[in-house]
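One structure below.
Just so you know, all these numbers are worked out from the coordinates, no wet-lab data involved. None of the values given here were measured: they were computed from a predicted structure. All Cβ positions, even for glycine, are placed from backbone atoms using ideal geometry, and neighbour counts span all protein chains on display.
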Amino acid sequence: MLTTTTVVVGGGHCGLAMSRCLADKSIDHVVLERGEVANSWRTQRWDSLRLLTPNWMTRLPGHTYRGDDPDGYLTAAQTAQLITDYAKESAAPVRANTPVLSVRAAEHGYLVRTDQDTWHARTVVAASGATAAPHVPQLRHSVPTGIASLAPTEYRNPGELPDGGVLVVGASAIGEYASRLGVQTCTGLHTGECEVVDGHVAGAAAQMCVCVANEAEAGEVLVSSTVKDLVAGSGIRFEERGVHNLAECGEWRLFAVEKLRQD
Ligand SMILES: Cc1cc2nc3c(=O)[nH]c(=O)nc-3n(C[C@H](O)[C@H](O)[C@H](O)COP(=O)(O)OP(=O)(O)OC[C@H]3O[C@@H](n4cnc5c(N)ncnc54)[C@H](O)[C@@H]3O)c2cc1C
């Protein structure tokens, strides 16, 4: 069995930042990484991705942006390079290609089992990332075979997609990129109490959102009358879209959010 004071699981931003801080305090440690350093930026990002945060915001302990484009946005490849350079500069004790399989409490610390060895450590830092495994809605299982379905971690570029329309589920970064690809989203908003069933948002309010979204045109944000009433006085303007019969949700008056003028 191998021993160290601290095992850090994950060689991304957080694991390497922690490693740098431990080294500054002369605390003996090892960083166990299942792939190469910056694995998620090498293997789980699409080709055209750029960070949402500008260069000047990208800071790590002992590292600030030194280039001549503080307001620029790094690509995924540049981000991977930055993290790799940081690991080298810090001489971080990374063991690459070493997936951690389990962590168990043990006498005076923890036993960390990898696919190669077992480590005993007084402390363990879990820096394995918040987005290491995609949270895919159960809906995926109901998608008919023959329709390609991808998680953002698997998507690389539009060239890999089969011909035809694309449905994007979720409106975070990938949703924003979808509009750049010419894919328009239909958004439905309602408000009400949600239930969480098996980790998934469910219940009448969630069902209502789906019904409202089904009525939206491409690129439109459609809201129920409840949402419109709730934001009265906010300055948001709506266009009336009439009364819709929303299958199991009944009849509802719907409104489209007026697009903001650019001028
Ligand atoms: C698409 C996307 C875009 C983003 N854009 C931005 C942005 O613009 N700005 C921003 O600040 N943040 C952004 N983030 C968030 C970003 O992921 C974090 O800021 C940062 O990369 C998190 O670092 P981390 O070390 O926690 O996780 P990661 O960088 O994911 O590192 C975790 C590491 O742990 C390793 N690992 C996981 N499980 C194990 C295991 N069992 N054994 C060994 N190793 C393991 C992984 O291989 C990985 O290398 C984005 C995230 C995503 C998904």
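If Rh is defined by the Kirkwood formula over all Cα pairs and Rg also comes from Cα, what ratio Rg/Rh do you get for segment 138-260? Before the final figure, lay out each step's value.
Working: Rg = 16.1 Å, Rh = 16.2 Å.
Value, to two decimals: 0.99.
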Could you check which residue among 14, 186, 194 shows the biggest mean-square fluctuation in a GNM of the chain with a 10 Å Cα cutoff?
194
log₁₀ I(q)/I(0) of segment 14-53 at q = 0.19, 0.27, 0.28, 0.32 Å⁻¹, via Debye over equal Cα point scatterers, no solvent, to two decimals?
-0.69, -0.93, -0.96, -1.07
Below 8 Å, C-alpha to C-alpha, sequence gap of six or more: please give me the relative contact order for segment 28-176 in percent.
26
Cα extents of segment 1-73 along the three principal axes, largest first, in whole Å?
45, 27, 14
Mean projected area (nm²) from the convex hull of Cα positions in the chain is 19.8
Listed residues 94, 243, 31; largest mean-square fluctuation, Gaussian network over the chain with Cα springs below 10 Å, found at 243
Per-residue counts of other Cβ atoms within 10 Å, averaged by peptide: what ranking do you get for 128-136, 84-92, 142-150, 22-30, highest first?
84-92, 22-30, 128-136, 142-150
Within the chain, the percent of DSSP beta bridges that are antiparallel, given to the nearest 5, stands at 60
